Amino acid sequence: MLEILHLRPQAGAPGGLVIIECRGFDTRDYAACDVLFGETPARIVSASSDRVLVRVPGELNERDRTAGIQLLAAGEMSSRAPFLVAELLADSLHPVANPAYDPETEAIFTTLSGSRGKKVEVSVWRIGPDGKATPFLDNIMNPTGLAFDREGTLYITSRHDGVLYRVSPFREVIPFAENLGIATGLAIDRTGNLFVGDRQGTIYRVTPLGDVTPHARLAPSMAAYHLAFSPDGNLYVTAPMAAGTREAIYRVTPTGKVEPWFVGLGRPQGLSFDQAGNAYVCASLNGLPGVVKITPDAKEAELFIAGVRLVGLTFDDRGAAILASSHEIYRVPVGVSGYDPNRT
């Protein structure tokens, strides 16, 4: 009897790797073996009678994205196992950090950041609740980190000029703090202080009045700092180094003390938290890339969403994860209530 026993994970973006633990997958006639996402066949990477590794296909219709996975071998078909494939919202972009979600309008903001020092026609894009992407800003060079404060004001870092910008309701771009190095990651705490990661090794604290002080020091990153606050009040940081599988998420206390919090990831980048304190980070775990979920005590980690080239994520008010890859924005409903310190 052909049956699926377990999927790891149970959601994914196109290109992500899914492990299917099964029983009775007859591989003697490999050409007759299939893994179906709805009605769409997927590329099998490897297979045995009890384990199949498959890539999530792209360009699925809505039905196939939510229909689940079936196995087909030797003329026998398994029952469907639940699996959700992320919906493509926008492409031809260049996000380098977490997208930002505006709860007031339910819009998503992301970047076409471009290579450092290169100006692009539109550098910040807005994706409406209908999934349509429209130009938003064209006058910030290399926008990187994005975040909304409690009043709904959008802040943006530029790794080109080391400036933290504030965007007015009329889309006026106003320098808010300067001399922030190669400004990348951005997060805002419960009291409205902004934290900016200079990938050369400093995390700056910027008060609501725009005063800047160094808050913490880390090793320089080869790519960027990514910042997020947890419900425990601490700031968490990733800083991708050279390729490896033992990189860390760091915890920074309110006094600026830095300590490794979780070690064992490959190239950790964007991260977010849910209201229970679980961390979600774009990284690879045991060689499998995607979004890794880590428990609040940092003792357990699992691949939560399969994906490739993911650089950032956030959650909307409907429990969906908004995923940023190096060129695309995806949305997948995972039932997670994200944590935002400015909405508590």
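Quick note: the coordinates plus some simple rules give every number you see, no bench work behind them. Everything numeric in this text was worked out from a predicted model, so none of it was measured. No Cβ is skipped: glycine too gets one built from the backbone with ideal geometry, and neighbour counts run over all protein chains shown.
Some notes on this structure:
- Candidate aspartates and glutamates for bridging to Lys132, where Cα separation is under 19 Å - those fewer than 8 sequence places away on the same chain excluded: Glu59, Glu62, Glu87, Asp91, Asp102, Glu104, Glu106, Glu121, Asp316, Asp317, Glu328
- Extension gain from Arg150 to Val263, taking 0.36 nm per residue of separation minus the Cα-Cα distance: 37.5 nm
- In order along segment 166-174, phi translates into HN-Hα couplings of 10, 10, 6, x, 9, 6, 6, 9, 10 Hz, rounded to whole numbers, per the Karplus curve 6.51 cos²θ - 1.76 cosθ + 1.60 with θ = phi - 60° and x for Gly and Pro.
- Remark: the Met222-Arg171 segment gains 15.2 nm on full extension, using 0.36 nm per residue and subtracting the alpha carbon distance.
- Dividing the Cα radius of gyration of segment 187-243 by its Kirkwood radius returns 0.99 for Rg/Rh.
- In segment 53-82, GluC sites (Glu not before Pro) in a DSSP loop with at most 16 other beta-carbon atoms within 10 Å: Glu59
- The charge dipole of segment 205-319, taken about its Cα centre with unit charges on the Cβ of Lys, Arg, Asp and Glu (plus for the first two, minus for the last two), comes to roughly 340 debye.
- For Lys299, a cut-off of 25 angstrom between C-alpha atoms picks up these lysines, skipping any fewer than 8 places away in its own chain: Lys257.
- Given charges at Cβ of Lys, Arg, Asp, Glu: the chain dipole, positive-most of Ala306, Ile156, Leu71: Ile156
- Reach of Lys293 by Cα under 14 Å, taken over aspartates and glutamates that are not fewer than 8 positions away in the same chain: Asp274, Glu302
- Dividing the Cα radius of gyration of segment 3-85 by 2.2 N^0.38 Å, with N the residue count, gives 0.96.
- Label point distance in nm, Asp232-Ala298, each placed 7 Å from Cα along Cα→Cβ: 0.7
- Residue list for segment 30-60, given a label point 7 angstrom along the Cα-to-Cβ vector of Arg80 and an amide N cut-off under 11 Å: 37-40
- Computed on the chain, the Cα convex hull volume stands at 128 Å³ per residue.
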